[in-house]
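A quick write-up on the structure given underneath.
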Amino acid sequence: MIILPAIDIHQGQCVRLVQGDYATASKVAADPLETAKKFESDGASWIHMVDLDGAKEGRPVNTDIYTNVAKHTNLKVEVGGGIRSLDTIAAYLDMGITRVILGSAALKNPKLVSDAVEKFGSEKIVVGIDAKNGLVATEGWLETSDVNYITLANQMIAVGVKYFIFTDISKDGTLSGISAVQLSTLASATNGKCSIIASGGVHTMDDIIACKNLGLYGTICGKSIYQGTLNLKEAIEYAEKD
(Lines give C-alpha, C1' and ligand atoms only; values in the text may rest on other atoms or scores of the structure.)
Protein backbone atom coordinates (compact mmCIF):
# COMPACT_ATOMS: atom_id res chain seq x y z
CA MET A 1 0.00 0.00 0.00
CA ILE A 2 1.23 3.50 -0.75
CA ILE A 3 0.94 6.49 1.58
CA LEU A 4 0.20 9.83 -0.05
CA PRO A 5 0.88 12.82 2.21
CA ALA A 6 -1.39 15.69 1.25
CA ILE A 7 -0.95 19.37 0.58
CA ASP A 8 -4.11 21.38 -0.08
CA ILE A 9 -3.60 24.86 -1.50
CA HIS A 10 -5.93 27.81 -0.84
CA GLN A 11 -4.86 31.30 -1.89
CA GLY A 12 -1.30 30.07 -2.32
CA GLN A 13 -1.08 28.69 1.22
CA CYS A 14 -0.84 25.12 2.58
CA VAL A 15 -4.11 24.63 4.45
CA ARG A 16 -6.46 21.99 5.81
CA LEU A 17 -10.23 22.23 5.87
CA VAL A 18 -12.77 20.51 8.11
CA GLN A 19 -15.46 18.61 6.15
CA GLY A 20 -14.71 20.64 3.04
CA ASP A 21 -15.79 23.95 4.55
CA TYR A 22 -13.64 26.73 3.11
CA ALA A 23 -14.44 28.90 6.15
CA THR A 24 -12.46 26.44 8.29
CA ALA A 25 -9.24 26.80 6.28
CA SER A 26 -6.22 26.90 8.56
CA LYS A 27 -2.59 27.24 7.51
CA VAL A 28 -0.63 24.08 8.34
CA ALA A 29 2.78 24.69 6.76
CA ALA A 30 4.89 27.60 5.61
CA ASP A 31 6.04 26.57 2.16
CA PRO A 32 4.58 23.91 -0.20
CA LEU A 33 7.93 22.93 -1.76
CA GLU A 34 9.77 22.65 1.55
CA THR A 35 6.87 20.64 2.97
CA ALA A 36 6.99 18.30 -0.02
CA LYS A 37 10.75 17.88 0.40
CA LYS A 38 10.21 16.94 4.05
CA PHE A 39 7.67 14.30 2.98
CA GLU A 40 10.20 12.97 0.49
CA SER A 41 12.90 12.77 3.14
CA ASP A 42 10.50 10.75 5.30
CA GLY A 43 10.27 8.18 2.52
CA ALA A 44 7.24 9.28 0.52
CA SER A 45 7.24 8.43 -3.17
CA TRP A 46 3.88 10.09 -3.91
CA ILE A 47 2.25 13.35 -2.90
CA HIS A 48 -1.44 14.24 -3.15
CA MET A 49 -2.09 17.90 -3.96
CA VAL A 50 -5.41 19.72 -4.26
CA ASP A 51 -6.15 23.10 -5.79
CA LEU A 52 -8.98 24.21 -3.49
CA ASP A 53 -9.38 27.49 -5.35
CA GLY A 54 -9.49 25.57 -8.62
CA ALA A 55 -12.14 23.21 -7.30
CA LYS A 56 -14.37 26.16 -6.42
CA GLU A 57 -13.73 28.11 -9.63
CA GLY A 58 -13.73 25.15 -12.04
CA ARG A 59 -10.31 25.98 -13.47
CA PRO A 60 -6.67 25.55 -12.38
CA VAL A 61 -5.53 28.39 -10.12
CA ASN A 62 -2.37 27.34 -8.26
CA THR A 63 -0.65 25.42 -11.06
CA ASP A 64 2.85 26.80 -10.44
CA ILE A 65 2.94 25.33 -6.94
CA TYR A 66 2.29 21.77 -8.14
CA THR A 67 4.61 21.88 -11.10
CA ASN A 68 7.32 23.36 -8.87
CA VAL A 69 7.06 20.32 -6.58
CA ALA A 70 7.19 17.98 -9.57
CA LYS A 71 10.26 19.78 -10.92
CA HIS A 72 12.26 20.10 -7.70
CA THR A 73 11.56 16.75 -6.01
CA ASN A 74 11.50 13.12 -7.10
CA LEU A 75 7.93 12.74 -5.83
CA LYS A 76 5.19 11.48 -8.08
CA VAL A 77 2.63 14.26 -7.95
CA GLU A 78 -1.11 13.61 -8.02
CA VAL A 79 -3.16 16.79 -8.55
CA GLY A 80 -6.86 17.61 -8.46
CA GLY A 81 -9.11 20.64 -8.34
CA GLY A 82 -10.67 22.47 -11.26
CA ILE A 83 -9.61 20.04 -13.98
CA ARG A 84 -12.39 20.17 -16.55
CA SER A 85 -10.80 19.57 -19.96
CA LEU A 86 -8.44 17.34 -21.91
CA ASP A 87 -6.25 20.38 -22.58
CA THR A 88 -5.81 20.99 -18.84
CA ILE A 89 -4.95 17.33 -18.27
CA ALA A 90 -2.43 17.40 -21.12
CA ALA A 91 -0.86 20.59 -19.78
CA TYR A 92 -0.43 19.13 -16.29
CA LEU A 93 1.08 15.91 -17.62
CA ASP A 94 3.42 17.87 -19.90
CA MET A 95 4.58 19.85 -16.85
CA GLY A 96 5.60 16.70 -15.01
CA ILE A 97 2.48 15.85 -13.02
CA THR A 98 2.21 12.05 -12.74
CA ARG A 99 -1.54 11.64 -12.31
CA VAL A 100 -4.54 13.97 -12.43
CA ILE A 101 -7.73 13.73 -10.42
CA LEU A 102 -11.12 14.17 -12.03
CA GLY A 103 -13.82 14.79 -9.44
CA SER A 104 -16.88 16.81 -10.43
CA ALA A 105 -16.29 15.89 -14.07
CA ALA A 106 -16.90 12.21 -13.32
CA LEU A 107 -20.51 13.01 -12.49
CA LYS A 108 -21.18 16.01 -14.69
CA ASN A 109 -19.12 15.11 -17.76
CA PRO A 110 -18.43 11.35 -17.83
CA LYS A 111 -17.39 11.61 -21.49
CA LEU A 112 -14.40 13.69 -20.38
CA VAL A 113 -13.32 10.84 -18.13
CA SER A 114 -13.69 8.19 -20.81
CA ASP A 115 -11.90 10.40 -23.35
CA ALA A 116 -9.10 11.10 -20.84
CA VAL A 117 -8.58 7.41 -20.11
CA GLU A 118 -8.54 6.64 -23.81
CA LYS A 119 -6.11 9.47 -24.65
CA PHE A 120 -3.73 9.40 -21.67
CA GLY A 121 -4.17 5.89 -20.28
CA SER A 122 -5.70 4.64 -17.03
CA GLU A 123 -2.42 5.10 -15.13
CA LYS A 124 -2.63 8.88 -15.57
CA ILE A 125 -6.22 9.37 -14.42
CA VAL A 126 -7.76 8.95 -10.99
CA VAL A 127 -11.41 9.66 -10.23
CA GLY A 128 -12.17 11.32 -6.92
CA ILE A 129 -15.46 10.21 -5.42
CA ASP A 130 -16.44 12.48 -2.55
CA ALA A 131 -19.59 11.52 -0.67
CA LYS A 132 -21.93 12.95 1.94
CA ASN A 133 -24.12 10.25 3.48
CA GLY A 134 -23.21 8.01 0.55
CA LEU A 135 -24.22 10.59 -2.09
CA VAL A 136 -21.67 12.14 -4.44
CA ALA A 137 -20.76 15.79 -3.85
CA THR A 138 -19.26 18.05 -6.52
CA GLU A 139 -17.88 21.56 -7.16
CA GLY A 140 -15.49 21.62 -4.22
CA TRP A 141 -18.15 19.81 -2.16
CA LEU A 142 -20.49 22.79 -2.49
CA GLU A 143 -23.14 20.70 -4.27
CA THR A 144 -24.56 17.28 -3.37
CA SER A 145 -26.13 15.01 -6.00
CA ASP A 146 -28.61 12.16 -5.69
CA VAL A 147 -26.10 9.64 -7.09
CA ASN A 148 -24.79 6.89 -4.81
CA TYR A 149 -21.01 6.59 -4.67
CA ILE A 150 -21.08 2.89 -5.61
CA THR A 151 -23.16 3.65 -8.70
CA LEU A 152 -20.68 6.28 -9.87
CA ALA A 153 -17.72 3.99 -9.23
CA ASN A 154 -19.19 1.23 -11.37
CA GLN A 155 -20.02 3.70 -14.15
CA MET A 156 -16.42 4.88 -14.14
CA ILE A 157 -15.01 1.34 -14.14
CA ALA A 158 -17.13 0.68 -17.22
CA VAL A 159 -15.27 3.44 -19.12
CA GLY A 160 -11.84 2.17 -18.09
CA VAL A 161 -11.05 3.98 -14.84
CA LYS A 162 -8.60 2.03 -12.69
CA TYR A 163 -7.88 4.37 -9.77
CA PHE A 164 -10.31 5.92 -7.30
CA ILE A 165 -9.94 8.22 -4.32
CA PHE A 166 -12.86 7.82 -1.95
CA THR A 167 -13.53 10.57 0.58
CA ASP A 168 -16.25 10.49 3.20
CA ILE A 169 -16.71 14.24 3.59
CA SER A 170 -18.04 13.86 7.13
CA LYS A 171 -14.62 12.43 8.07
CA ASP A 172 -12.40 14.86 6.20
CA GLY A 173 -10.12 16.91 8.42
CA THR A 174 -11.72 15.55 11.59
CA LEU A 175 -9.07 13.02 12.72
CA SER A 176 -12.01 10.77 13.62
CA GLY A 177 -10.85 7.61 11.84
CA ILE A 178 -11.38 6.27 8.34
CA SER A 179 -14.78 5.42 6.92
CA ALA A 180 -14.12 1.68 7.07
CA VAL A 181 -17.66 0.53 6.30
CA GLN A 182 -18.00 2.65 3.16
CA LEU A 183 -14.50 1.74 1.99
CA SER A 184 -15.16 -1.95 2.55
CA THR A 185 -18.48 -1.68 0.71
CA LEU A 186 -16.77 0.05 -2.22
CA ALA A 187 -14.05 -2.60 -2.36
CA SER A 188 -16.62 -5.40 -2.32
CA ALA A 189 -18.96 -3.77 -4.83
CA THR A 190 -16.18 -3.16 -7.34
CA ASN A 191 -14.90 -6.71 -6.89
CA GLY A 192 -11.20 -6.00 -7.28
CA LYS A 193 -11.67 -4.18 -10.59
CA CYS A 194 -10.02 -1.00 -9.35
CA SER A 195 -7.40 0.42 -6.99
CA ILE A 196 -8.89 2.37 -4.09
CA ILE A 197 -7.22 5.21 -2.20
CA ALA A 198 -8.76 6.14 1.14
CA SER A 199 -9.06 9.82 2.02
CA GLY A 200 -10.46 11.52 5.10
CA GLY A 201 -10.35 10.82 8.80
CA VAL A 202 -6.88 9.28 9.11
CA HIS A 203 -5.72 9.89 12.67
CA THR A 204 -3.20 7.30 13.89
CA MET A 205 -1.39 4.16 12.79
CA ASP A 206 -4.59 2.25 13.56
CA ASP A 207 -6.12 3.82 10.46
CA ILE A 208 -3.15 2.87 8.31
CA ILE A 209 -3.40 -0.70 9.60
CA ALA A 210 -7.15 -0.74 8.89
CA CYS A 211 -6.64 0.47 5.32
CA LYS A 212 -3.97 -2.13 4.68
CA ASN A 213 -6.21 -4.85 6.14
CA LEU A 214 -8.93 -3.76 3.71
CA GLY A 215 -6.52 -4.41 0.85
CA LEU A 216 -6.55 -0.81 -0.35
CA TYR A 217 -4.06 0.51 -2.88
CA GLY A 218 -3.34 3.71 -0.99
CA THR A 219 -4.13 6.05 1.88
CA ILE A 220 -4.01 9.86 1.90
CA CYS A 221 -2.80 11.51 5.11
CA GLY A 222 -3.03 15.22 5.78
CA LYS A 223 -4.04 16.73 9.09
CA SER A 224 -2.72 13.72 11.03
CA ILE A 225 0.80 14.45 9.76
CA TYR A 226 0.62 18.18 10.41
CA GLN A 227 -0.76 17.73 13.93
CA GLY A 228 1.67 14.95 14.77
CA THR A 229 -0.83 12.19 15.52
CA LEU A 230 0.71 10.09 12.71
CA ASN A 231 4.39 9.61 12.02
CA LEU A 232 4.72 9.68 8.24
CA LYS A 233 7.95 7.69 8.12
CA GLU A 234 6.50 4.97 10.35
CA ALA A 235 3.29 4.86 8.30
CA ILE A 236 5.20 4.46 5.03
CA GLU A 237 7.41 1.73 6.43
CA TYR A 238 4.38 -0.23 7.66
CA ALA A 239 2.35 0.31 4.49
CA GLU A 240 5.15 -0.85 2.19
CA LYS A 241 6.23 -3.96 4.05
CA ASP A 242 5.02 -7.35 2.82
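The values are calculated or read from the model by the stated rules, or taken from the named source; none is laboratory data. In this text, all values refer to a predicted model and were calculated from it rather than measured experimentally. FYI the Cβ positions are ideal-geometry reconstructions off the backbone, even for glycines, and counts take in every protein chain you see.
General observations
- Tally of residues being within 22 Å of Leu102 (Cα to Cα) and not in a strand (DSSP E or B) across the range 37-51: 1
- Selected residue (criterion: farthest from the chain's Cα centre (by Cα)) from residues of the range 69-84 that are surrounded by 16 or more Cβ atoms within 10 Å (Cβ to Cβ) and not aliphatic (A, V, I, L, M): Thr73
- Options Val117, Val159, Val136, Val113; residue that is within 19 Å of Leu52 (Cα to Cα), buried (at least 16 other Cβ atoms within 10 Å of the Cβ) and of a type in the set (Val, Ile, Thr): Val136
- Residues located in the range 218-238, provided they are surrounded by fewer than 18 Cβ atoms within 10 Å (Cβ to Cβ), outside any loop (DSSP other than H, G, I, E, B) and of a type in the set (Ser, Thr, Tyr): Tyr238
- The residues of the range 1-20 that are touching a residue at least 40 places away in the same chain (Cβ under 8 Å) and part of a strand (DSSP E or B), listed by number, are Ile2, Ile3, Leu4, Pro5, Ala6, Ile7, Asp8, Ile9, His10, Arg16, Leu17, Val18.
- Looking across the range 176-203, the residues that are surrounded by fewer than 15 Cβ atoms within 10 Å (Cβ to Cβ) and assigned to a loop (DSSP other than H, G, I, E, B) come down to Asn191, Gly192, Lys193.
- From Asp51, Asp64, Asp87, residue being of a type in the set (Asp, Glu) and touching a helix residue (DSSP H, G or I) at 6+ places or on another chain (Cβ under 9 Å): Asp51
- Entry remark, the range 204-217: residues being in contact (Cβ under 8 Å) with a residue 60 or more places away in the chain and either crowded, with 22+ Cβ neighbours inside 10 Å or over 14 Å from the mean Cα position of the chain (by Cα) (or both) number 4 in total.
- Filter result for Lys56 (part of a helix (DSSP H, G or I), charged (D, E, K, R), modelled with pLDDT of 95 or more and surrounded by fewer than 19 Cβ atoms within 10 Å (Cβ to Cβ)): no
- Residue in the range 211-223 that is modelled with pLDDT under 95 and under 21 Å from Ala6 (Cα atoms) present: yes
- Pick from the range 120-133, criterion crowded, with 22+ Cβ neighbours inside 10 Å and either over 20 Å from Thr190 (Cα atoms) or of a type in the set (Val, Ile, Thr) (or both), ranking: modelled with the lowest pLDDT: Ile129
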